[in-house]
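The values are calculated or read from the model by the stated rules, or taken from the named source; none is laboratory data. From a predicted model like this one, the values you see are computed outputs, not experimental measurements. Cβ placement follows ideal geometry from the backbone for every residue including glycine, while neighbour counts extend to all protein chains displayed.
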Amino acid sequence: MKVLVLNPPFLKRYSRPQRSPAVTKSGTLYFPIWLASCAGVLEQSGFDVTLLDAPARDLDETKVLKECIRLRPKLIVVDTSTPSAESDINFCKKIKDILPESFIVLVGTHVSALPEKSLVINEGPDAVARGEYDFTIRDLALLLAGLNGSALGERDLRSVRGLSFKLIGRVVHNEDRPFIENLDQLPWVSRIYKKHLRMEDYFNANALYPMVTLMTGRGCPFRCSFCLYPQTLTGRTYRFRTVEDVVNEIEYIVKEMPGTRSIFFEDDTLTAKKKRCVELCDAIIRQGIEVSWTANSRVEVELETMLKMKASGCRELCVGFESGNDRILEAMRKGTTRARMVQFMRDARRAGILVHGCFIIGFPGETLEDIRRTIEFAIELEPDTVQFYPIMVYPGTEAYEEYSQRGWLTAKSYRDWLTEDGLHNCVVRNENFSSVELVRLCDDARRKFYLRTGYIVYKSTQMLRKPSEFVRTAKAARTFFNYLIRGSKV
């Protein structure tokens, strides 16, 4: 049976799989890692799978519809996101009009949070696979393949855990599917990338180019109110692949995907479990694997662990500092302090690890003085690069519920999460600032950080000394610098 796994057309280089989907200022485009895992599970189960990433290949609706007609898949899996939701679901209707026999199922964070609302927009999608959908899609595909020409009935669909589906004017929600505990049973996404995708299409400004994105585990044990994946897809318990399985995949990448300069570990927080992080580093060192890697981290990482990470190839950590005010950090349930952040940066410099710092403004109760302190704090910390954003709230998160209840959501449609050009837009306010003011404050913050003479000298020296850093920085700067000078549209 043929299955099409589709990252649907929307905007060119629209990075749908990331936590805050958009066309990015740095040119970043994420691998469709969730779809790749799903495609791998389907292939493992014997299905004829095509993984198509339309934004990466700049495929418009006409081209994708032609591919649908050529393939005539029995099952079509369509990824979604909040900003593109209306476009994605309308495109499903266009597919259904030309392939009425195809079963179309939506996946992703947005439809997991709002399955019923997503299904009643039009007649295009037949179902939503909620949450972690690898095995939900597999079970649905096995069900469809086993029909042997007979009609698909309610009893059949009710057997698929994690599925919401339409039934004669109403939506049925099956019981939730438990999270996958044995992650080693999932196929390696790198093999799917190699077979179905073009590596050079993908870029992350925080990793040496070209790179490959992996996950060594799913879920996050921390309680940040705004974080999307743990609240909609993966849960708040960190589940791991075995270290052996991860290291074997890294070895496969090094040997079978020549030219790969780095690996990005896309776990929500690779460093959440110190013992396991150290075991992974020890295994990389023991196997003699030489490859640069980057990961998401919190600030509760000690110098001893950082030194081990550096020895195993860690080049950079992406860290959510968020705010320079302990009161604001406590309100967002970040679970850390300003003092811990200062110590983390000292240790990172001693270990020789670069840091990309993430800062957010616009939380409830945040004042102009709080925001100024956060900007000054970012400069004081001296990370290699930073990003400043108004808080991004998405359906399914605690932050979204809070802003909705306070009447602070300013969006009239999901498309408003983006500007006309597809960049991040601000869809919230707080009691002190409008959406426009929050965007302008972030523009000012970026200029204050990046246009300092000291920073320009530092970055120029870094690029001259390390050619690999020159390639990465130049690729990101081609688009980022224009936005830095012009500011953001709202």
Any chance residue 235 is farther than 20 Å from residue 356 by Cβ and touching a Gly at 6+ places or on another chain (Cβ under 6 Å): yes
Among residues of the range 29-75, those that are farther than 20 Å from residue 15 by Cα and within 24 Å of the chain's Cα centre (by Cα), counted: 5
If a residue must be buried (at least 20 other Cβ atoms within 10 Å of the Cβ) and assigned to a helix (DSSP H, G or I), how many such residues does the range 250-277 contain? 6
Look through the range 118-175, keep the residues that are part of a helix (DSSP H, G or I), within 27 Å of the chain's Cα centre (by Cα) and without any contact (Cβ under 8 Å) to a residue 40 or more places away in the chain, and return whichever of them is farthest from residue 39 (Cα to Cα). 118
Select from the range 418-454 the residues that are more than 20 Å from residue 369 (Cα to Cα) and not hydrophobic (A, V, I, L, M, F, W, C) and list them in ascending order. 419, 420, 421, 422, 424, 425, 450, 452, 453, 454
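Return a yes/no flag: does the range 151-164 have any residue that is crowded, with 18+ Cβ neighbours inside 10 Å, farther than 30 Å from residue 392 by Cα and not polar (S, T, N, Q).
Taking the range 151-164 and keeping what is crowded, with 18+ Cβ neighbours inside 10 Å, we get 157, 160, 162-164.
Those still in the list that are farther than 30 Å from residue 392 by Cα too: 157, 160.
After this cut, where a residue has to be not polar (S, T, N, Q) as well, the list is 157, 160.
Yes, because at least one residue in the range 151-164 is crowded, with 18+ Cβ neighbours inside 10 Å, farther than 30 Å from residue 392 by Cα and not polar (S, T, N, Q).
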Where the second residue is assigned to a helix (DSSP H, G or I) and basic (Lys, Arg) and the first is in the same structural domain as residue 212 (by TED's automatic domain parsing) and in contact (Cβ under 8 Å) with a residue 60 or more places away in the chain and lies in the range 237-256, which pairs have Cβ atoms under 7 Å and are six or more apart or on separate chains? 256/194
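For the range 41-107, which strands (runs of 3 or more DSSP E) that fit wholly inside it have 3 or more residues that are surrounded by fewer than 22 Cβ atoms within 10 Å (Cβ to Cβ)? Break it down stepwise before answering.
Values: elements: 48-53, 75-79, 103-107.
Result: empty, no element qualifies.
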Residue check: is residue 191 free of Cβ contacts under 8 Å to residues at least 40 places away in the same chain and more than 30 Å from residue 362 (Cα to Cα)? no
Complete set of residues in the range 167-184 that are touching a strand residue (DSSP E or B) at 6+ places or on another chain (Cβ under 7 Å) and either within 21 Å of residue 114 (Cα to Cα) or not hydrophobic (A, V, I, L, M, F, W, C) (or both): 171, 172, 173, 174, 179, 181
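Can you give me the ranges of the helices (runs of 4 or more DSSP H) entirely in the range 358-466 with at least 2 residues that are touching a helix residue (DSSP H, G or I) at 6+ places or on another chain (Cβ under 8 Å) and modelled with pLDDT under 95? So that I can check it myself, show each step before the final result.
Values: elements: 368-381, 398-405, 435-450, 453-465.
In the range 358-466, 435-450, 453-465 are the helices (runs of 4 or more DSSP H) which contain 2 or more residues that are touching a helix residue (DSSP H, G or I) at 6+ places or on another chain (Cβ under 8 Å) and modelled with pLDDT under 95.
Only residues that are farther than 24 Å from residue 462 by Cα and either free of Cβ contacts under 8 Å to residues at least 12 places away in the same chain or in a loop (DSSP other than H, G, I, E, B) (or both): list them for the range 201-227, please.
So the first thing to find is which residues in the range 201-227 are farther than 24 Å from residue 462 by Cα, and the list is 201, 213-227.
Within the range 201-227, 215, 216, 219, 220, 221, 222, 223, 224, 225, 226, 227 meet the criteria.
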Residue that is surrounded by the fewest Cβ atoms within 10 Å (Cβ to Cβ), among those in the range 327-342 that are assigned to a helix (DSSP H, G or I) and without any contact (Cβ under 8 Å) to a residue 24 or more places away in the chain: 339
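Residues in the range 403-416: is at least one under 24 Å from residue 302 (Cα atoms), under 24 Å from the mean Cα position of the chain (by Cα) and crowded, with 21+ Cβ neighbours inside 10 Å?
Here is the first cut: in the range 403-416, the residues under 24 Å from residue 302 (Cα atoms) are none.
No: the range 403-416 contains no residue that is under 24 Å from residue 302 (Cα atoms), under 24 Å from the mean Cα position of the chain (by Cα) and crowded, with 21+ Cβ neighbours inside 10 Å.
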Taking residue 435, is it touching a Cys at 6+ places or on another chain (Cβ under 6 Å) and either surrounded by fewer than 16 Cβ atoms within 10 Å (Cβ to Cβ) or not assigned by TED's automatic domain parsing to the domain that holds residue 26 (or both)? yes
I'd like to check something: does the range 357-376 contain any residue that is touching a residue at least 24 places away in the same chain (Cβ under 8 Å), touching a Ser or Thr at 6+ places or on another chain (Cβ under 8 Å) and on the phi > 0 side of the Ramachandran plot? no
List every residue pair whose Cβ atoms lie under 9 Å apart, where the two residues are 6 or more positions apart in sequence or sit on different chains, the first residue falls within the range 408-429 and is at positive phi and in contact (Cβ under 8 Å) with a residue 24 or more places away in the chain, and the second residue, located anywhere, is charged (D, E, K, R) and part of a loop (DSSP other than H, G, I, E, B). 422/12; 422/13
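Does the range 280-291 hold any residues that are in a helix (DSSP H, G or I), surrounded by fewer than 18 Cβ atoms within 10 Å (Cβ to Cβ) and in contact with a helix residue (DSSP H, G or I) (Cβ under 8 Å, 6 or more places away or on another chain), and which are they? Walk me through how you get there before you give the answer.
Quick first cut of the range 280-291, residues in a helix (DSSP H, G or I) only: 280-286.
With the extra rule that they be surrounded by fewer than 18 Cβ atoms within 10 Å (Cβ to Cβ), the set shrinks to 282, 285-286.
Selection gives 282, 285.
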